[in-house]
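Just below is one structure, and these are the notes that go with it.
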Amino acid sequence: MDYEVIVVGGGHAGCEAALSCARKGHKTLLVTANINNIGDMPCNPSIGGSAKGIVVREIDALGGEMGINADRSQIQIKVLNDAKGPAIRALRAQADKVDYPANMLKTLKSTKNLTIKEAMVENLIVDDNKVGGVILENEERITSKAVILTTGTYLKASIMVGSTRKSEGPHGERRSNHLSDNLKKLGFKIIRLKTGTPQRIAKESIDFSKAKVELGSPKNIYFSFDHHVPYNIDEQIPCHLIYTNEKTHEIIRANLNKASMYGGLDDIEGVGPRYCPSIEDKIVRFSDKERHQLFLEPESKYNNSIYLQGFSTSMPNEIQEKMVHSLVGLENAKILKYAYAIEYDAIYPTQLNKSLETKLIENLYTAGQINGTSGYEEAAGQGLIAGINASLKLEGKEPLILKRNEAYIGVLIDDLINKGVKDPYRLLTSRAEYRLLLRSDNADLRLREYGHEVGLIDDERYQNFLDKKEKIKALENKLKETRITPINGVNEYLESIGSTKLRDGISLYDLLKRSEISIEHIKHFIEINEADEIVEQVVINNKYEGYIKKEEKEAEKMLKLESKGIPDNIDYNKVKNIASEARQKLNEVRPTTIGQASRISGVNPADIAVLSVYLKKEYNND
Amino acid sequence: MEDTIAAISTALGVGAISIVRVSGVDAIEIVNKIFDQDLLSAETHTIHYGHIIDNNEIIDEVLVSIMKAPRTFTYEDVVEINTHGGIATTNKVLELLLLNGARLAEPGEFTKRAFLNGRIDLVEAEGIMNLIEAKSDISRKLALKQVNGVVSNNIRELREKIMKLIANIAVNIDYPEYEDILEVTTKDVEKEITYIESKLNEILKQSNETSLVLEGLKTVILGRPNVGKSSILNMLLNEEKAIVTDIAGTTRDVVEGTLNLNGVYLKLLDTAGVHEASDKVEEIGINKSLGLIKDAELILLVLDNSSKLTAEDKRLLELTKDKNRIIIINKVDLNKELDLNEENTIYLSAINKTGLEELKKKIVEMFNLDSINTDMNMFVNADDIAKIKRCLNIIDKIKKNINSIEIDMIDIDLREINDILGSIIGESYDEEILDTVFKNFCLGK
């Protein structure tokens, strides 16, 4: 055996997978076609965003790398939805496209048990439905106990601009020509997906005077809970907001048939993401809209490349020139890189277990875009889970399965394996039923215990976490135990801040529950020196108690359905009276619980009722 | 649901023809065993003339309809046997079916199968249950309307509104930097939930009215002895000779009869004279009367025109003051001694049979029975009423807190409402919200 684990691919999923296996003490090989592309950000120059930013925090809580590496590489960071409730706040950073991969590579290289190899994997060694390593394009065989595929968009990738199509991956990199066919031969259902990326513009050719400036947060903030990389707020680089106009739309409408997706190419099979339409899609679908928002995002402090967010297209280059020059401030813009669309193969993700191990081939795991997702954060989250679970299996332990009420990563994986994908899957706040439980601020409280249990959070970090928990409890108790009574000017103070008078004594904790009372008002009665993150937890639990309890109750209901098991050997053909689509989906996914079955698309409540009755009758299962 | 069920489905009226319905995988095979023609090779949705036989003895001359899955009410194979021979023969046919492998259906089991097999949604299922139980013509019409999904459509419309709101809030959350997508304001929320509130209240109100139609109106005739309760009861019932049922008992017990008024049943309950108990037996009668007052939906309080208010009259007036009450002043043919000024008072003479039309008019007016006739399309059962009330409570809470809580918290409440309404019509929301998001908003990289 050459290695314990081989990770194929060095993107965000691959990095997390390789690091977690190596850090857990397993001899790991990361194979990538180009070492210089490790940790690459081929699309937008940002990490985080709503929901995704929370995933980065979860990765950090579990002991992954993305949060720390983003902190190390950011050129601007802010809190989204800052003025709204705590459930939906999330961090987003503009990450330097030069620094991020460089920092990641440095970390990989300095990690014990981890070897990096530059090579193209084209096949797997499989014996008796169990993976035993990989086969390179030169027929070299490397053996291992487990393999994690994180091939991104490189499976039979093809890049499309206008009516041209090239068989290559992002940056003109070589693609894998045979791996997806070989997976198909092993019995996998392969789907074809599509995504796109907009133009890069030379900074000096843009007139920023007409654009609105978008700044980072005026406060120091970090993805990582405990590994703060210092930075200077004043050195943050701004983004800019501009709009399309009628002229832009005219150009697009006049040239619509030249776009690859609108007839420029007639052999497109890939399904593009709904949430990420190209600019021509937007203009066709929302024809009454007079303008569309575009962001100018700096890609790096080391170069002049500006990412034109919102302008992704598959128009030919000469039309792209016209389109870009129609934008206010970009009349003389120099396009450094044209927008393109990319098509690639992926595995239909209902073929995976909750652990991200494939159902067909034992010890084979997949993570990231190969599973039909989109986004660096979604990829990293899966990579981490696949790495942890491959390691746990080698150690003879149960896999780490995050539930929907525990983590966005749990929602993501649960959605993938139960619902499959039609277009590249992006995590959204609205995909989570219990988002008030899945906050950015409490990701460590939710997940660090698991991180420590699986061995990615060392004792020192774990002790810090326990201390934090202790302090939260202590402050909460202090507020509950300190009572004030309507004497000594208490009522006068309360009235002066627009609150109502007391008639009896009240604990500060209960006083804080009043909507007009903030923690600053409480400081009038008691000294509070605890760190902001401690105070924040107490305040959120206090202010949103009713809603939190409501979601906890809902989650309990879900977990109850989750505890109703479905036997492995169930024959759905014997369950009469379920709709044929439901039967087919149940056979495909083979859910392990009634709860899981109820989330499969195409399985409706009546089918669940019938299935429950059947289980009760056949297996005496309550 | 592998067994085949059978039942007599003639609840809608006792006619010359009864229908025995059989549903399940073996439906055709079982009926074939007791029918003198071959049904096994019959095409779906065909009718066959023949005889039901038992050991070569002809039981009845029948028409048999063969309907094969899935285009049937239950989505299973269904056979219907139209019999002619009255109750006894029909029972014999059912018995034969049961002997040959069918199982007697539980009440509502056909409907349940239709629901479980995805043929109908929950509200429709309940509508059909009402249809089975409905007695008067209007009830049946009403039940049929509901089968068409009127309540479902109403609730579906409300859910669409909520879902749009939720989707817009979702977009605001997930795409905070898109400034040209309208931010949902508390005002928007208030406007929508006020509309939803009024619609739900309307459903409750109409449902309440229609439950009158379906279940009848519990009416109690009250009065001290000798004011003429019994003659008024008789006067009302004589109008509708067809449906009088007497419940056996002593003279002190409650007498019940039913009266059809604009299609609504008044269930008339007479009481033993309510007055201070003078012996044990009367005490029982009085307790019973007080209980009746509590349950009654309409009180007809009879007073005597020819005498002044007695202490007992006053007590009855007091006991019933918060109820739907019509005061009937009887014996207008005699000299007026009574001095009373109350709402909803009518005058009649039971002996001369005058004033009856006025009384009926009053009842019709009090319960809007006129409007019920023309617009009866809402009915939800007790369980759903509780759900709608829960929604109304949440809306109330949102309105109270709307200025002190963030929109995304209100969103949690909106989702709960959406869920509850969804459970009424048996739909889960799942991907619906995301679909709404992507259908209505323009976003992307």
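Value of Rg to Rh for the stretch A:203-262, rounded to two decimals, is 1.22; Kirkwood radius and Rg both from alpha-carbon coordinates.
Calculated mean residue ellipticity at 222 nm for the protein assembly as shown: -12500 deg cm²/dmol, from DSSP H runs with n ≥ 4 weighted as -39500 (n - 2.57), summed, divided by the residue count and rounded to 500. Computed across the stretch A:563-619, the Kirkwood hydrodynamic radius from all distinct Cα-Cα pairs reaches 10.9 Å.
Rg and Dmax of the stretch A:356-504, based on Cα coordinates, read 22.4, 73 Å.
Counting other beta carbons within 10 Å of each residue's own, what order do B:Asp413, A:Asp127 fall into, fewest first? Going from least to most buried by this count: A:Asp127, B:Asp413.
Taking a ≥ b ≥ c as the square roots of the Cα gyration tensor eigenvalues, with a/c under 1.5 meaning rounded and otherwise prolate when a/b beats b/c, else oblate, which class fits chain A? Judged from the Cα gyration tensor, chain A comes out oblate (a/c at least 1.5, b/c at or above a/b). Counting only lysines at least 8 places from A:Lys145 when in the same chain, those with an alpha carbon closer than 19 Å to its own are A:Lys24, A:Lys27, A:Lys112, A:Lys117, A:Lys130, A:Lys359, A:Lys393, A:Lys397.
Note on the stretch A:251-390: Rg/Rh from C-alpha atoms, Kirkwood Rh, equals 1.07. Extending 7 Å from Cα along the Cβ direction at A:Lys322 and again at A:Lys166 yields two label points whose distance is 2.4 nm.
For the stretch B:5-119, the Kirkwood estimate of hydrodynamic radius, built from reciprocal distances between every pair of different alpha carbons, is 13.9 Å.
Counting, for every residue in B:64-76, the Cβ atoms of other protein chains within 10 Å of its Cβ and taking the mean gives 1. Gyration tensor over the Cα atoms of the protein assembly as shown: the corresponding equivalent ellipsoid has semi-axes (square roots of 5 times the eigenvalues, largest first) of 66, 40, 28 Å. The ranking of A:Arg200, A:Arg57, B:Arg315 from fewest to most other beta carbons within 10 Å of each one's beta carbon is B:Arg315, A:Arg200, A:Arg57. Modelled label positions at B:His51 and A:Ser580, each set 7 Å beyond Cα in the direction of Cβ, lie 4.1 nm from each other. Short to long, the 10 Å bins of the Cα pair-distance histogram for the stretch A:92-180 hold 13, 33, 35, 16, 3 percent of all pairs.
Counting, for every residue in A:300-310, the Cβ atoms of other protein chains within 10 Å of its Cβ and taking the mean gives 1. Summing Cβ point charges (Lys, Arg +1; Asp, Glu -1) relative to the Cα centre of the protein assembly as shown gives a dipole of roughly 1380 debye. Only Lys, Arg, Asp and Glu carry charge here, each on its Cβ (+1 for the first two, -1 for the last two); on that basis the stretch A:563-619 has a dipole of about 140 debye about its Cα centre. Pairs over the 29 Å Cα-Cα cut-off, from the set A:Lys84/A:Lys289; B:Lys229/B:Lys387; A:Lys289/B:Lys387: B:Lys229/B:Lys387; A:Lys289/B:Lys387.
In whole angstrom, the stretch A:459-551 maps to an equivalent ellipsoid with semi-axes of 27, 15, 11, each derived as √(5λ) from the alpha carbon gyration tensor and ordered largest first.
Taking other C-beta atoms within 10 angstrom as a stand-in for reagent exposure, A:Asp571, B:Asp408 fall in the order A:Asp571, B:Asp408, fewest first.
Any read-out appearing in this document is the output of simple, stated calculations on the displayed coordinates, not a laboratory observation. This is a predicted model, so every value here is computed, not measured. Here Cβ is always computed from backbone atoms with ideal geometry, including for glycine, and neighbour counts include all displayed protein chains.
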